[in-house]
Amino acid sequence: HAPPVDIVLPVYNGLSYLQRLLPKLLVDPLVARLIIIDDCSPDGDTSEYLSELSDRYMQIELIRNEKNLGFVGSVNRGFGRVRRDCILLNSDVDVPDAWIERLMAPIFRFSQVATTTPFTNAGTILSFPEPLIDNAVFADRDVNEIDQYFRELRTPSPDELHLPTGVGFCMGMSRQAIQNVGLFDEQSFGRGYAEENDWCQRAIAKGYFHIPVANLYVHHEH
């Protein structure tokens, strides 16, 4: 019964990743709009692929930066087009079945939740099996094979457990929180790294929480 969401997807090359990820997103009924920001990808094949898809699928909104802005500037352009709760997603991820409803459940349930982040092989504090490092894919298993075990876990409520930050590779975000906290800080964080940590700390200062989604695993190439 989850409502549809917008997805903000910054892109710089990475055609092989996009060819794996985008077909999954485009058939997902919970993707209302797929906001793709092409950050001046020099790879012509990537640009052509994105153009072809945006011509075929109405839910794609393709933004092309006139110059390379980096991750932070590209994401902020995407945030400016968001109309509902959203997911900030890197292009080098692989998602399991029924992932959106699990990722977004705490945001839909608790108004004070600003972000949600799944477990992954490479996601700093939510890395599995070893935290704070980039792990190889566990036992070379498919994302759905690993995720089936995570599905058996229970995601905590905000009063049980919350994090100092979400992790931006795959981060559910409350539109209300984005409106109240503002955009990522382009001036301080330039082309990108730790900008989501700063944003999440600003959200905490306004009374929001960041929740680990214990019942979801997403693969991250990183």
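The values are calculated or read from the model by the stated rules, or taken from the named source; none is laboratory data. Keep in mind the model is a prediction, meaning the values are calculated, not measured. Neighbour counts are summed over all protein chains in view; Cβ atoms, including those assigned to glycine, are modelled from backbone coordinates with ideal geometry. With ligands, DNA and RNA removed, areas are computed over all heavy atoms of the protein, side chains included. Shrake-Rupley method; radii C 1.70, N 1.55, O 1.52, S 1.80 Å.
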Selection within the range 1-17 - buried (at least 17 other Cβ atoms within 10 Å of the Cβ), out of contact with any Cys (no Cβ under 7 Å at 6 or more places or on another chain) and either acidic (Asp, Glu) or closer than 18 Å to residue 178 by Cα (or both): 9, 10
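So for the range 39-48 (the condition being at positive phi and of a type outside the set (A, V, I, L, M)), does at least one residue qualify?
yes
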Checking the condition in contact with a helix residue (DSSP H, G or I) (Cβ under 9 Å, 6 or more places away or on another chain) and either farther than 20 Å from residue 166 by Cβ or surrounded by 17 or more Cβ atoms within 10 Å (Cβ to Cβ) (or both), which residue from 53, 21, 103 passes? 53
With the condition kept exactly as written, say whether any residue in the range 69-79 is within 24 Å of residue 145 (Cα to Cα) and either modelled with pLDDT of 95 or more or crowded, with 21+ Cβ neighbours inside 10 Å (or both). no
With the structure loaded, tell me whether residue 216 is loosely packed, with under 13 Cβ neighbours inside 10 Å, modelled with pLDDT of 95 or more and within 23 Å of residue 104 (Cβ to Cβ) or whether it fails that test. no
If the requirement is being touching a Gly at 6+ places or on another chain (Cβ under 7 Å) and either surrounded by fewer than 18 Cβ atoms within 10 Å (Cβ to Cβ) or under 30 Å from residue 182 (Cβ atoms) (or both), which of these qualifies: 36, 87? 87
Among the residues of the range 115-130, which ones are within 25 Å of residue 176 (Cβ to Cβ) and either in contact with a Ser or Thr (Cβ under 6 Å, 6 or more places away or on another chain) or open to solvent by less than 10 Å² (accessible area, probe 1.4 Å) (or both)? 115, 116, 117, 118, 123, 126
Output the qualifying pairs, or none if there are none: Cβ atoms under 8 angstrom, residues six or more apart or on different chains, first residue in the range 90-114 and within 21 Å of residue 180 (Cα to Cα), second residue of a type in the set (Phe, Trp, Tyr) and in a loop (DSSP other than H, G, I, E, B). 112/208; 113/208; 114/208
Restricted to the range 122-166 and to residues being part of a loop (DSSP other than H, G, I, E, B) and aliphatic (A, V, I, L, M), the residue modelled with the lowest pLDDT is 137
If I filter the range 184-203 down to residues being crowded, with 16+ Cβ neighbours inside 10 Å and in a loop (DSSP other than H, G, I, E, B), which single residue comes out as modelled with the highest pLDDT? 184
